[in-house]
Amino acid sequence: MEPITSTTSNRRHNVLDVPLGLDRTFGNQSLQVHASLRGAILDGRLVAGLRLPSSRNLADQLGVRRNAIVGAYEHLLSDGLVETRIGDGTYVASRLPTRADRITVAPFVVAANRRGAFALGQTYSDPVVLRRLASATRRRIASATAAYLGYGDPRGGEALRQQIALHLAASRGIRCDPSCILIVSGTQQGVRLCADALLHPGNRVWMEDPGYPVTRNTLAAAGMRVVPVPVDAEGIDVAAGRRLGPSAKAVYVTPSHQFPTGVTMKMERRIALLDWARASRAWVLEDDYDSEFRYGGPPLTALAGIGGADRVIYLGTFSKTLFAGLRLAYLVLPPAAVERVVIARAAHDRFPPSLVEGAVADLMADGILAAHVRRMRTRYRIARDTIASTLERAAPGTLRLVVPTQGLHMLAHLPAGLPKDAAAKIRAIAKIESWLLSETRLVQSGPDGFVLGFAGHDITELTAAANRLGHAVQAYLGSSPPRGVRRRGAARA
């Protein structure tokens, strides 16, 4: 349709020749008319200088109340899209923004969260704790004061910080003042805040290899130069780190339950790491992501609890003890780092949500969270044992399982000598959503395998998935045995 020009309008301005549809989802009649006229003006269907009908005539044309037209015109006048001329009516503004071509969004892929069998990061949605959390949240809302609902402390509410301090002192050996605790929306926000506040773009940071790819990406996005440092049966190889990244200013480690290998860092390595950090004035980022779930005894003492309070930044999370959608984690900062990280936090998102963190503090104070963790520890132990026994039956002698004494995942190693794409093909055949061991490596070495998450999945689903994986491994090895290994059923030369 041709746009209405000012010449046409001057001859006939009692009605608009441009059809104006009213979208009722925009609210009342005035808002509907405003949205329709605004769209027609910005689209160029109503051109600059065009005289608009009187409010009475346009109301008759559109079948709305006259005051809806008056309100829409006043709204457009405030927008700067129309102008009034005393004694001569309302006109489309003589100067309008240049009409932009239709903007199309370039296609891009958002990585889908894996939720199927063996996906990591899942937890059981316990109805008991969800009801208690809902009740605590309602109480917090009902009793909220104006101060509680206003802008808060960038570190987070004092009640939750106090409960975290008590918990860490009892279970991790970390004695810290609540003023040194910072509540964040997740471990990765904590890592990014520390990188922004304590490091500089281009700084080298040691990273366990294999290690957690999400943190690797966070550090790279912050401008850090990630240095892969090998992990062996004793944890991160500090001597190798000194050789590979002598000028590094930080290190990211998972000492209590290394991701993904599951090893616990030996005391000699812990001492060596702390000695290096002090000598280099480097920061140690200790991610204690799932130590609540230790199946052979109480949680281990944290690196920050054995004398590293001056250089170790401890990262804890409620994503494993409760659920990831809560978006609640925390940092325990050395006193020398607190002010800088708090300033960085205030510049990011000011402060964390007060209502939910207050409710979680209540669950901790009442012992509800501790009881929930005990129940989940039993549940997850059963899941661990189920997939281990199922895989041993379904793939005897082919998968080397590393059954963890703590944590929420296990490793299943493939034999050496397989093609590079073997693990990916087996995963596709088995229709599972585990990570591959190779996906956690920066430097590819050794046999591949599967990082199998067992928390938060139905036991029946896990059992079926373990059977599929075992059968897929057996079938693949039968058709493509490792180099130097005779194919089953093949005749000897």
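Mind checking the per residue accessible area of the chain for me, 1.4 Å probe, whole number of Å²? Walk me through the numbers before you get to the answer.
Details: 23790 Å² over 493 residues.
Ligands and nucleic acids excluded, the result is 48 Å² per residue.
If the only charges are +1 at each Lys and Arg Cβ and -1 at each Asp and Glu Cβ, what is the size of the charge dipole of the chain around the Cα centre, to the nearest 20 debye?
Values: 62 positive and 41 negative charges, 198 e Å.
Using only the charged Cβ atoms, the result is roughly 940 debye.
Residue separation times 0.36 nm, minus the C-alpha to C-alpha distance between Arg400 and Arg281: what's the value?
Numbers: separation 119, 0.36 × 119 = 42.84 nm, distance 4.01 nm.
So the chain would gain 38.8 nm between Arg400 and Arg281.
For Met267 and Ile141, compute 0.36 nm times the residue count separating them, minus their Cα-Cα distance, and round to one decimal in nm. Don't skip to the end; give the middle numbers.
Details: separation 126, 0.36 × 126 = 45.36 nm, distance 4.61 nm.
Taking 0.36 nm per residue and subtracting the Cα distance, the gain is 40.8 nm.
Only bridges with both residues in the chain count here: give the DSSP antiparallel percent, nearest 5. Show your work: numbers first, answer last.
Working: 26 of 44 bridges.
Antiparallel bridges make up about 60 percent of those DSSP assigns within the chain.
Based on DSSP loop calls and a cut-off of at most 13 other Cβ atoms within 10 Å, the longest stretch of the chain free of exposed chymotrypsin sites (Phe, Trp or Tyr not before Pro) is what? The partial results should precede the final answer.
Working: sites that count: Phe108, Tyr151.
Longest site-free region, per DSSP loop and neighbour criteria: 152-493.
Run the numbers on the range 67-123 and let me know its relative contact order in percent, using alpha-carbon pairs under 8 Å that are six or more apart. Each step should come with its number before you reach the end.
Values: 22 pairs, mean separation 9.1, N = 57.
After rounding, I find 16 percent.
Based on the Cβ-Cβ distance of Ser247 and Asn217, what FRET efficiency does E = 1/(1 + (r/R0)^6) give at R0 = 25 Å, to the nearest 0.05? Before the final figure, lay out each step's value.
Values: r = 22 Å, r/R0 = 0.89.
According to the calculation, E is roughly 0.65.
Rounded if a/c is under 1.5, else prolate if a/b is larger than b/c, else oblate: which is the range 180-270, with a ≥ b ≥ c the root eigenvalues of its Cα gyration tensor? Walk me through the numbers before you get to the answer.
Working: a/c = 1.83, a/b = 1.31, b/c = 1.40.
In terms of gyration-tensor shape, oblate.
From the mean inverse distance of alpha carbon pairs (Kirkwood) and the Cα radius of gyration, derive Rg over Rh for the range 278-427.
On the way: Rg = 20.0 Å, Rh = 18.8 Å.
Looking at the range 278-427, the ratio lands at 1.06.
So which DSSP H runs in the chain come out at 15 Å plus along the axis (Cα) with average Kyte-Doolittle of at least 1.0? Don't skip to the answer; put the middle values down first.
On the way: long enough: 29-42 (20 Å, 0.50); 66-79 (20 Å, -0.06); 127-142 (22 Å, 0.02); 158-171 (20 Å, 0.29); 187-198 (16 Å, 0.15); 267-280 (19 Å, -0.20); 335-348 (21 Å, 0.63); 354-365 (16 Å, 1.26); 368-394 (39 Å, -0.36); 459-479 (30 Å, 0.31).
Flagged H segments are 354-365.
If you roll a 1.4 angstrom probe over the protein chains with everything in place, what fraction of the accessible area of the chain belongs to carbon and sulfur, to the nearest %? Mind dumping the intermediate values first?
On the way: 12640 of 23790 Å².
For the chain, the apolar C and S fraction of the accessible surface comes to 53 percent.
Given the options Ala329, Gly235, Tyr148, identify the residue whose Cα lies farthest towards the positive end of the charge dipole of the chain (+1 on Cβ of Lys, Arg; -1 on Cβ of Asp, Glu).
Working it through, the farthest residue towards the positive pole turns out to be Gly235.
Cut-off 14 Å, label point 7 angstrom out along Cα-to-Cβ of Tyr295: give me the residues of the range 365-406 whose amide nitrogen falls inside.
376-392, 401-406
How much length is gained if the chain between Glu74 and Ala112 is pulled fully straight, taking 0.36 nm per residue apart and subtracting their Cα-Cα distance, in nm to one decimal?
Numbers: separation 38, 0.36 × 38 = 13.68 nm, distance 4.57 nm.
Length difference between fully extended and current span is 9.1 nm.
Among Ala111, His200, Thr137, pick out the residue whose Cα is farthest towards the positive end of the charge dipole of the chain, where Lys and Arg carry +1 and Asp and Glu carry -1 on C-beta, about the Cα centre.
Ala111
Could you give the dipole magnitude of the range 248-328 about its Cα centre, charging the beta-carbon of Lys and Arg +1 and that of Asp and Glu -1, in debye to the nearest 20?
On the way: 10 positive and 8 negative charges, 35 e Å.
My answer is approximately 160 debye.
With the alpha-carbon atoms as the only input, what is the per residue convex hull volume for the chain in Å³?
Values: hull volume 115.2 nm³, N = 493.
In the chain, the Cα convex hull volume per residue is 234 Å³.
Run the helix sum for the chain: -39,500 (n - 2.57) per DSSP H stretch of 4+ residues, divided by residue count, reported at 222 nm to the nearest 500 deg cm²/dmol. All intermediate terms of the calculation are to be shown ahead of the outcome.
Numbers: 16 runs with 201 residues, N = 493.
Calculated mean residue ellipticity at 222 nm is -13000 deg cm²/dmol.
Could you compute the FRET efficiency for Ser125 and Ile86, with r as their C-beta to C-beta distance and R0 at 56 Å, rounded to 0.05? List each step's numbers first, then the result.
Details: r = 65 Å, r/R0 = 1.17.
Efficiency at R0 = 56 Å is approximately 0.30.
Going Cα to Cα from Lys420, which lysines come in below 18 Å? Please leave out same-chain ones fewer than 8 positions away.
Cα-Cα hits under 18 Å: none found.
The values are calculated or read from the model by the stated rules, or taken from the named source; none is laboratory data. Values in this document were obtained by computation on a predicted structure and should not be read as measured data. Ideal geometry is used to build each Cβ from the backbone, glycine not excepted, and the neighbour counts take in all protein chains shown. Surface accessibility is based on the protein's heavy atoms, side chains included, excluding ligands, DNA and RNA. Shrake-Rupley method; radii C 1.70, N 1.55, O 1.52, S 1.80 Å.
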